[in-house]
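Trainee: Got a structure for you, written out below as structure tokens; questions coming shortly.
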């Protein structure tokens, strides 16, 4: 399948980080991680979804968690040293990140934000994150992504 390079891919290229692009057919009615994992033929626990969260100061926080898990807002707030955090409203996603639902990547967001990743990512030689566009995923070494984005690794799932 042909694709155009996304900003996330260009950022990885510039940083000389190895990655593989995985393409899949987009179903506008099903943007769930389990659908993506099935279509790219990868285990759901290595397909990480990127979530946008706001702290009490309305600052954006990014969280990457396995597709088969749910974010624990209290754990994230504690790790991020915030009193309270809440999910960013979907209508604000494009404005705040430059991405649409189903295509949000931890890479190439409008500006750098505090980013957190579920610690289970370190259990795998490679994980998958969005390439910044529906229908495209990036498979890469989790430590490369963590080092590049200065991601804080912690237990942030329920």
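Trainee: For residue 7 and residue 38 in the same chain, what is the full-extension length gain: residue separation times 0.36 nm, less their Cα-Cα distance, in nm?
Mentor: Value of the extension gain: 8.7 nm.
Trainee: Quick check: residue separation of residue 141 and residue 90 times 0.36 nm, minus the Cα distance between them. What number comes out in nm?
Mentor: Length difference between fully extended and current span is 15.5 nm.
Trainee: Hey, fewest Cβ within 10 Å first, where do 130, 114 land in order?
Mentor: Lowest to highest Cβ neighbour count: 114, 130.
Trainee: Taking other Cβ within 10 Å of each residue's Cβ, how do 120, 50 sort, fewest first?
Mentor: Final ranking by Cβ density, sparse to dense: 120, 50.
Trainee: Let me ask something else. Full-extension gain between residue 31 and residue 113, please, as 0.36 nm times their residue separation minus the C-alpha to C-alpha distance.
Mentor: 27.1 nm
Trainee: When the chain is treated as a GNM, springs tying every alpha-carbon pair under 10 Å, which of 28, 45, 92 comes out with the largest mean-square fluctuation?
Mentor: Among 28, 45, 92, the largest mean-square fluctuation in the Gaussian network model of the chain belongs to 28.
Trainee: Mean separation of Cα pairs under 8 Å and 6+ residues apart, divided by the residue count of the chain: what relative contact order is that in percent?
Mentor: Relative contact order of the chain: 29 percent.
Trainee: Just one of [x] 15.5; [y] 15.0; [z] 17.6 is Kirkwood radius over Cα pairs in Å as worked out from the coordinates here. Which one is it?
Mentor: Of the labelled values, this structure produces [x].
Trainee: Moving to a separate point now. Classify segment 70-158 as rounded, prolate or oblate, taking a ≥ b ≥ c as the square roots of the eigenvalues of its Cα gyration tensor: rounded when a/c is under 1.5, otherwise prolate if a/b is larger than b/c and oblate if not.
Mentor: Because a/c hits 1.5 or more and a/b fails to exceed b/c, segment 70-158 counts as oblate.
Trainee: Then there is this: Which order do 13, 72 fall in if you start with the one that has the fewest other Cβ atoms within 10 Å?
Mentor: 13, 72
Bear in mind that the values in this text are calculations on the coordinates, not laboratory data. Here the structure is a predicted model, which means the values were calculated and not measured. Cβ: placed from backbone, ideal geometry, glycine included. Neighbour counts: every protein chain shown.
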